[in-house]
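These notes are about the structure you will find just below.
The values are calculated or read from the model by the stated rules, or taken from the named source; none is laboratory data. Worth saying up front: this structure is predicted, and the values here are computed from it rather than measured. Please note: Cβ atoms are built from the backbone with ideal geometry, for glycine as well, and neighbour counts cover all protein chains shown. Note: areas computed on protein heavy atoms with side chains; ligands, DNA, RNA excluded. Shrake-Rupley method; radii C 1.70, N 1.55, O 1.52, S 1.80 Å.
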Amino acid sequence: MTVAITKSVDRRDLPRPTTDLDRARADIDRFGYCLLQDAVPEPLLGRVRARTQAQADAEKQLDHAFEDGGADQQWGAFRDAQGRIRADAFKARNGGVNQRVWMLANKGAVYHEVLEREPVLDLVGHVLGDAFQLSAFNANIARPGSVPMNLHTDQWWAPIPHRPDRRPLPIGSTNRTTFDRDPNLAPDDVPPMIAPAACAQVIVMLNDFTETNGGTRIVPGSHLWGRHPDPELDGDIETIAAEGPAGTAVITDGRIWHGTGANSGNTDRWGLLVTFCGPQFRPQENYTVGLSDAMYEAASDRVRALLGFGVWWAYGRTGDPTVEQIARRPALGELG
Ligand SMILES: O=C(O)CCC(=O)C(=O)O
């Protein structure tokens, strides 16, 4: 599909930074994203930025940095053509330009404060409803010279509706590059039924995002097209850059086509990527295993629930299905 945005959407209507939650909800519904200004206000923003900078620098110094954004470092390309895992591929010495800092829920209590920002949770709830959990919490530092990230949705794994007379791709055979699609549909056809949003991403601008420094590229309205972007079909699709002042968050419906922009400027672009998913899905980061004792102790009940310690209609339990939150210890074992 090579639709120019201007064919389907008047650019003057596109989301702009706003603190008006009604406007933000309407933008998400219509365009698949909104720009929530002051999503993380000062002085919290400054503390988050300082912590992120210190963590990123230390990870780089210790050779723990994960570096993508080079021509051969597309995020998700974890295997080579033979299916072998590409250990060590995501390093500056192998062409990586950007830096990702993973699992921020473990890297400072200040990140838990970000998770408790009410207006952000309100808009995530607008996309996902009453219950949701954290799926991933990372930083993405887009550095000068990076290439654009491939367009993708954040719910490539979500099952899609299918006609009863067509056997769908089994859900366990779906992966980052292989999606189910009805062969009877032309690339430009929107299927009569599409899958709902199963996740929502919050991209917090730690410094100003601009087109030049790699502001997230978005295809407005694509959340309602019912398919994933395909590099062959959609290589020349028009995108816009999410731009806004530091502290603004891009809050997306998980079906929106998007990716990190190329940084063609000379300063870094600092963003937090906070992804939430419905309670029935598997989060990207496994907090129940990976969270440190210190960060577990520091977390409020609400943050613990977001981190997967909450039990949702008996899912996530370690024993008794009526408990609200699981304990951080082994469940009852062999007796008698
Ligand atoms: O860094 C960005 O602007 C977006 C990154 C992104 O879309 C992702 O990592 O899934």
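Tabulated results
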item	result
Phi-based couplings in Hz for segment 93-107 (Karplus 6.51, -1.76, 1.60; Gly and Pro marked x)	5, 10, x, x, 10, 7, 10, 9, 10, 8, 6, 5, 4, 9, 10
Trypsin sites (Lys or Arg not before Pro), loop per DSSP, at most 12 other Cβ atoms within 10 Å - longest free stretch of the chain	167-336
Inverse mean reciprocal Cα-Cα distance (Kirkwood Rh) of segment 72-130, Å	14.8 Å
With every protein chain in place, the chain: carbon and sulfur % of accessible area (1.4 Å)	52 percent
Whole-number D in µm²/s for the chain (Stokes-Einstein; Kirkwood sum over Cα pairs; 37 °C, 0.692 mPa s)	157 µm²/s
Among I237, I141, I203, residue whose mean-square fluctuation peaks in a GNM of the chain (springs only between Cα atoms under 10 Å)	I237
Ellipsoid semi-axes in whole angstrom, largest first, where each is sqrt(5λ) of the Cα gyration tensor of segment 27-146	29, 20, 14
Computed Rg/Rh of segment 82-172, alpha carbon atoms with Kirkwood Rh	1.05
Within the chain, helix-based [θ] at 222 nm, where runs of 4 or more DSSP H residues each add -39,500 (n - 2.57), nearest 500	-5500 deg cm²/dmol
Per residue solvent-accessible surface (Å²) - segment 1-156, probe of 1.4 Å	46 Å²
Cα convex hull volume per residue for segment 194-336 (Å³)	165 Å³
Under DSSP loop assignment and at most 13 Cβ neighbours within 10 Å, longest chymotrypsin sites (Phe, Trp or Tyr not before Pro)-free interval of the chain	79-312
At 0.692 mPa s and 37 °C, Stokes D of segment 147-257 from Kirkwood alpha-carbon radius, µm² per second	214 µm²/s
The chain: Cys lacking any partner C-beta under 4.7 angstrom	C34
Cα Rg over Rh - segment 76-233, Kirkwood	0.97
Taking the chain and dividing mean pair separation by its residue count, relative contact order in percent (alpha carbons under 8 Å, at least six apart)	24 percent
For segment 169-230 and segment 282-336, distance of Cα centres in Å	31 Å
